[in-house]
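Undergrad: Please find one structure pasted underneath; my questions will follow.
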């Protein structure tokens, strides 16, 4: 699946990048090729064998440009992440919300440097963990 990755040049010889769909999955590399390999590895390490839902990729570039991580100094790459090596499963979901609620969700997601899908995933996991702790 093609996931967006925001890439910055960190120094003259290194790159750093973040996935808006995978919160906390930051990656670095001495070349773009190394960065791509490291990106695959970090996604596998975070999700393989876990019960975390794997978010669907955000493909809407206008939504990506609204994220605070897009400071205009980097570039967006759509990186093919081979999810066949990850045992978690992606499930598509269609929900309906009042527009005012969706606007609040989008605002909160932007503040946290998340996409809408990642925000819902994090919120759902938080709620489930809260319920399990009761």
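Undergrad: Could you work out how far helix 32-47 tilts from the main Cα principal axis of the chain, as a 0 to 90 degree angle to the nearest 10?
TA: 30
Undergrad: For the chain, find the longest principal axis of its Cα atoms and tell me its angle to the long axis of helix 116-132, 0 to 90°, nearest 10.
TA: 60
Undergrad: Can I ask one more? Against the longest principal axis of the chain, how steep is helix 99-111, in degrees 0 to 90 to the nearest 10, with axes from Cα atoms?
TA: 40
Undergrad: Mind checking which of 77, 102, 35 has the largest fluctuation in a GNM of the chain, springs on alpha carbons under 10 Å?
TA: Between 77, 102, 35, it is 102 that shows the largest mean-square fluctuation.
Undergrad: Please say if the range 21-61 is rounded, prolate or oblate, where rounded means a/c under 1.5 for a ≥ b ≥ c the square roots of the C-alpha gyration tensor eigenvalues, and otherwise the choice is prolate for a/b larger than b/c and oblate otherwise?
TA: It comes out oblate by the Cα gyration axes.
Undergrad: I need to check one value: relative contact order of the chain, counting alpha carbon pairs closer than 8 Å and at least 6 residues apart, in percent.
TA: 30
Undergrad: What's log10 of I(q)/I(0) for the chain at q = 0.19 Å⁻¹, Debye sum over Cα points only, no solvent?
TA: Ignoring solvent entirely, the Cα scatterers give -1.16.
Undergrad: For a quick protection proxy, order the peptides 13-20, 121-128, 36-43 by their average other-Cβ count within 10 Å, most packed first.
TA: Answer by packing, highest mean first, reads 13-20, 36-43, 121-128.
Undergrad: Let me ask another. For residue 104 and residue 11, FRET efficiency with R0 = 41 Å and r from the beta-carbon atoms, rounded to 0.05?
TA: Efficiency computed from Cβ-Cβ geometry: 0.60.
Undergrad: Okay, moving on. Which residue fluctuates most in the GNM of the chain (Cα springs below 10 Å): 26, 60, 70?
TA: Per the Cα network of the chain with a 10 Å cutoff, 60 tops the list.
Throughout, read-outs are computed from the coordinates displayed, never taken from laboratory work. It should be emphasised that the depicted structure is a prediction, and the values quoted were computed from it without experimental measurement. Ideal geometry is used to build each Cβ from the backbone, glycine not excepted, and the neighbour counts take in all protein chains shown.
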